[in-house]
Amino acid sequence: MSITTATTRRTVLRGMAATGLVAAAGTTAANAGTGPVRARPRADLPNVVFLSIDDLGWDELGSYGNTFNETPNIDRLAAEGLQFDNAYAAAPLCSPTRAALVTGLYPVRTGITDFLRQEPAASNKYLSPGIPTVPGVLGPRGYVSGLVGKWHLTETYSGAYDQRPGNPFAHGFDEVLVSEQQYIADGDYFHPYFFMPELPAREPGEHLTDRLTTEAVEFITRHRDDPFFLHLSNYAVHTTLHGKPELVAKYAAKPGADQAPNRPQLAAMLECVDDQVGRIAATLEELGLAENTLFLVTSDNGGPYRDANRPLRGGKGELYEGGIRVPLVAHWPGTVAAGRRTAQLTSTIDVLPTALALAGGRPGAEFDGVSLAPVLTDTGEVDRGPMFLVYPHFIGATHPHAAVRHGQFKLVQYLRDGRSELYHLVQDPGETTDLSRPHPAKARQLRALLEAHIAEVDLFPPTPSETAYPTLELDERFDADLSHWTMLPVPTGGPVGTVGVADGQLSVSAEELTHVVLRSEVAPGSDEVALVLDTGAFAEAGTQDTVFVGVAKDADNYLLFRYHNGHKRVGFDLRSKGRLVTAGQEPHGNLDGTVDLTGPGARYAFVLRGHVATAYADQGSGWEFLFTADTGGVLDLGDPTVRAHYRYATSVRLDDGTITLDGVTARRRG
């Protein structure tokens, strides 16, 4: 697949290449699932307006039962259209859900499974233009594609906007308006906006949601004679909550304003979004487009406030229902019958296949999502089979986990130890009663489906074994001298303590703070290797009894997984040009106190695949997944020219006593 970029003839707000209406890009992406594209009359090509609300919980709307927030316009759309009771975000956080929206794929297939960090995040992730997205799928059918608002699918926030990796123009969006120039962080809702410093206000005291509304109305008006797909991507109601003062005062004066889960600031911001929905609907009516436009309103993930999500369990960042169940309203006069509610299971991944089907295409296996056209038109149901969700990260109190929903049942599985929970969501939507024991056959069935999916999407590299990594590259038992190892004090010139070998062990002793890296002579033979450290004894004194395993170039450049025995704490150190790179690191504090590498047979593994390294630990009963470290933005070990400068390494840091290591083994695949 190739991507070409071209400037359109239409340029509005000249010079605002990142925030106003800007130059467009075209794609030569293959037309997914359609075969040859045949021209259809304009009247046969419905428009799609997909309006997303950031961090909106499943029951914050009046039509879903909320009695504090006021959302009359969205409620009217629900009354005149279709409301989904089993709608899911594709992920419990924003970036992966956004990737799923524009691709129709599970987030794991896009490489984006967590929210994207700001530059200089070590990972440097972005949505690859090599993956077909909305413009590449609908563009060949004559559609204009627009993005108004939040993108959040790149970690690069410097340089020309349309040259940043993964920017929406690289994916072929024709128009991009009021999209972030700088990292969004916790939001900014009144002009001037810190993440769009070059964007001029269009009216005094401008509120961001109102600005998005104006831009969306103008986009629709400009393209009233073209079929279009518009993603109106709100920044609200993401924290930090900052509503219009008069609306905040209105809600603060309402009965129950000071009682959870009511939040006057959120209600004020949501009312602005609801006004936006009303203006969009009115514009479609005034232009005679309402009966030819599918208007969808939803959220990118569950709400962050657990009390507001009840009776659902959990919230944003979790694969329990509170983190992924979202509102979804579909409005399309003359096509979607009024006053309907459906229990049809649906997900963000269904939006693009649905749009393609409505445009005359035949979405197939190239998508994970399915077309909801039969549900919208009330001509049938969709048998989608199992629906999968994967969140292999730490955030807040969350540990890496995955889930599958199939029919009325849902299984949640933790990725470290395989522990799983089974719930009947019709009888127990709050996921309060684990049915794994009373229904073992159902638990086994769903566990098999989920584990097959995890294997199929190749979520993690294989655990260390001779079968998975048959080629031996390093086998150090410390039964000879250390002539094949180089001792590198950190920092350079610092103490190295007393290092030696005896009785098949490496020993490092020190009476002051000492950090020494031992670099072997062996470079990783490919970008798929497993390096295993057999731990020995730890220092009984001091506070810095830490061992490391990974790769090193020198004392100023290395990637090492660490284990601190005193705190039973794991993590990684990425040092580049003498500087420890910590920006964008995923927090691993949830693992503190849960890993003990002092017992018989304890091992710690650094498993490399491309620019991602995965940590596994064996506490004596088999390998367990711990965490991943994506360092591609700083150290891309998938690049053979980079990898050639690095060698397998181990390391010790202590300030008193002696640490011993029993051995280091490296193997590669193929």
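The values are calculated or read from the model by the stated rules, or taken from the named source; none is laboratory data. A quick note: this is a predicted structure, and the numbers were derived from the prediction, not measured. Using ideal geometry, Cβ is built from the backbone for each residue, glycine included, and neighbour counts are taken over all protein chains shown.
Find the residue count for the stretch 577-590, including only residues that are free of Cβ contacts under 8 Å to residues at least 40 places away in the same chain and outside any loop (DSSP other than H, G, I, E, B). Counting residues in the stretch 577-590 that are free of Cβ contacts under 8 Å to residues at least 40 places away in the same chain and outside any loop (DSSP other than H, G, I, E, B) gives 2. Would you mind telling me which numbered condition in (1) among the charged types (D, E, K, R); (2) over 27 Å from residue 400 (Cα atoms); (3) outside any loop (DSSP other than H, G, I, E, B); (4) touching a Gly at 6+ places or on another chain (Cβ under 7 Å) residue 341 fails? Evaluating residue 341 over (1) among the charged types (D, E, K, R); (2) over 27 Å from residue 400 (Cα atoms); (3) outside any loop (DSSP other than H, G, I, E, B); (4) touching a Gly at 6+ places or on another chain (Cβ under 7 Å) leaves (4) as the failure. If the condition is being touching a Ser or Thr at 6+ places or on another chain (Cβ under 9 Å) and at positive phi, then the stretch 243-296 contributes only 256.
Any residue at all in the stretch 512-529 that's at pLDDT 95 or above, farther than 25 Å from residue 475 by Cα and hydrophobic (A, V, I, L, M, F, W, C)? Checking the stretch 512-529: at least one residue is at pLDDT 95 or above, farther than 25 Å from residue 475 by Cα and hydrophobic (A, V, I, L, M, F, W, C). Sub-6 Å Cβ pairs linking a first residue in the stretch 68-96 that is outside the structural domain of residue 275 (by TED's automatic domain parsing) and within 29 Å of residue 110 (Cβ to Cβ) to a second residue that is modelled with pLDDT of 95 or more and in a loop (DSSP other than H, G, I, E, B), at least 6 apart or interchain, number zero. Just one of (1) over 30 Å from residue 504 (Cβ atoms); (2) out of contact with any helix residue (DSSP H, G or I) (no Cβ under 7 Å at 6 or more places or on another chain); (3) surrounded by fewer than 22 Cβ atoms within 10 Å (Cβ to Cβ) fails for residue 628. It is (3).
When the stretch 614-643 is examined, which residues are found to be of a type outside the set (Asp, Glu) and assigned to a loop (DSSP other than H, G, I, E, B)? Scanning the stretch 614-643 gives 619, 620, 621, 622, 631, 632, 633, 634, 635, 637, 638. Just one residue in the set 128, 158, 123 is within 19 Å of the chain's Cα centre (by Cα), surrounded by fewer than 21 Cβ atoms within 10 Å (Cβ to Cβ), in a loop (DSSP other than H, G, I, E, B) and among the polar types (S, T, N, Q); that residue is 128. Scanning the stretch 106-120 for residues that are surrounded by fewer than 23 Cβ atoms within 10 Å (Cβ to Cβ) and among the hydrophobic types (A, V, I, L, M, F, W, C) returns a single hit, 115. Counting residues in the stretch 240-250 that are aliphatic (A, V, I, L, M), free of Cβ contacts under 8 Å to residues at least 24 places away in the same chain and part of a loop (DSSP other than H, G, I, E, B) gives zero.
Scanning the stretch 269-315 for residues that are under 22 Å from the mean Cα position of the chain (by Cα), among the hydroxyl-bearing types (Ser, Thr, Tyr) and farther than 21 Å from residue 101 by Cβ returns a single hit, 305.
Within the stretch 341-382, the only residue that satisfies the criterion of being closer than 15 Å to residue 88 by Cβ and at pLDDT below 95 is 382. The sole residue among 214, 283, 221 that is buried (at least 19 other Cβ atoms within 10 Å of the Cβ), of a type in the set (Ser, Thr, Tyr) and outside any loop (DSSP other than H, G, I, E, B) is 283.
Which one is surrounded by the fewest Cβ atoms within 10 Å (Cβ to Cβ) among residues in the stretch 161-200 that are aromatic (Phe, Trp, Tyr) and not in a loop (DSSP other than H, G, I, E, B)? Here the answer is 190.
Inspection of the stretch 536-555 identifies no residue that is surrounded by fewer than 19 Cβ atoms within 10 Å (Cβ to Cβ) and without any contact (Cβ under 8 Å) to a residue 24 or more places away in the chain.
Screening the candidates 434, 428, 458 for the property of being within 24 Å of residue 594 (Cα to Cα) and among the charged types (D, E, K, R) yields one hit, 434. Exactly one residue among 568, 553 is at pLDDT 95 or above and on the phi > 0 side of the Ramachandran plot, and that residue is 568. For the stretch 402-432, filtering for residues that are touching a Phe, Trp or Tyr at 6+ places or on another chain (Cβ under 9 Å), under 21 Å from residue 86 (Cα atoms), assigned to a strand (DSSP E or B) and not acidic (Asp, Glu) leaves 11.
Restricting 534, 556, 545, 573 to residues that are among the acidic types (Asp, Glu) and under 28 Å from the mean Cα position of the chain (by Cα) narrows the list to 573.
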